[in-house]
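Chemist: So that we are looking at the same thing, I have put the structure below in structure tokens.
The values are calculated or read from the model by the stated rules, or taken from the named source; none is laboratory data. Because the structure is a prediction, the values reported are computed rather than measured. Neighbour counts are summed over all protein chains in view; Cβ atoms, including those assigned to glycine, are modelled from backbone coordinates with ideal geometry.
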Amino acid sequence: MSNRDLLSDEQLTAGLRTLPEWRREGDSIARTVQAKDFPAAIRVVVAVAEQAEALDHHPDIDIRWRTLHFTLSTHSSGGITALDLKLASLIDASAAAEA
């Protein structure tokens, strides 16, 4: 199975059990992060950008002052893949580092 193969509902449910801050939204998974201030929020975005570039898999990010909303989907596959779960885990680590 490739990192870009669509996950079954069972695989996604199992994967999300390890990512409690994430929720399914249709063909995507999403999470909102509250940073302590705007500079911390931007540091999270920079960390995520570097990780996403290394994976060649880029999230949608909405920045509102210190609130970050991340949405992940493997558009080329038409839904959620293992790559989305991997990037979600990296986003969690980046957010925790700035907490």
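Chemist: Quick one: Ala52 ticks every box in (1) within 20 Å of Leu7 (Cβ to Cβ); (2) modelled with pLDDT under 95 except a single one, so which number is it?
Modeler: For Ala52, the exception is condition (2).
Chemist: Here's something else I'd like to know. What pairs come out if I take residues in the stretch 43-66 that are more than 18 Å from Ala99 (Cα to Cα) and pair them with residues that are basic (Lys, Arg) whose C-beta lies under 9 Å away, six or more apart or interchain?
Modeler: Leu55/Lys86; His57/Arg4; His57/Lys86
Chemist: While we're looking at this one, here's another question. Please work out if Ala99 is in a loop (DSSP other than H, G, I, E, B), small (Gly, Ala, Ser) and touching a residue at least 24 places away in the same chain (Cβ under 8 Å). Even if it seems obvious, please write down each step before you answer.
Modeler: Details: in a loop (DSSP other than H, G, I, E, B): yes; small (Gly, Ala, Ser): yes; touching a residue at least 24 places away in the same chain (Cβ under 8 Å): yes.
Criteria met by Ala99.
Chemist: I'm trying to understand the selection: among the residues of the stretch 36-60, which are in contact with a Leu (Cβ under 8 Å, 6 or more places away or on another chain) and acidic (Asp, Glu)?
Modeler: Asp60
Chemist: Could you go through the stretch 78-85 and let me know if any residue there is surrounded by 13 or more Cβ atoms within 10 Å (Cβ to Cβ), in contact (Cβ under 8 Å) with a residue 24 or more places away in the chain, in a strand (DSSP E or B) and not basic (Lys, Arg). Working first, answer last.
Modeler: In the first step, residues of the stretch 78-85 are kept if they are surrounded by 13 or more Cβ atoms within 10 Å (Cβ to Cβ); the result is 79-85.
The next check asks that each one be in contact (Cβ under 8 Å) with a residue 24 or more places away in the chain; those that pass are 79-85.
Now restrict to residues that are in a strand (DSSP E or B): 79, 81.
Add one more test, that the residue is not basic (Lys, Arg), and what stays is 79, 81.
Among the residues of the stretch 78-85, at least one is surrounded by 13 or more Cβ atoms within 10 Å (Cβ to Cβ), in contact (Cβ under 8 Å) with a residue 24 or more places away in the chain, in a strand (DSSP E or B) and not basic (Lys, Arg), which makes the answer yes.
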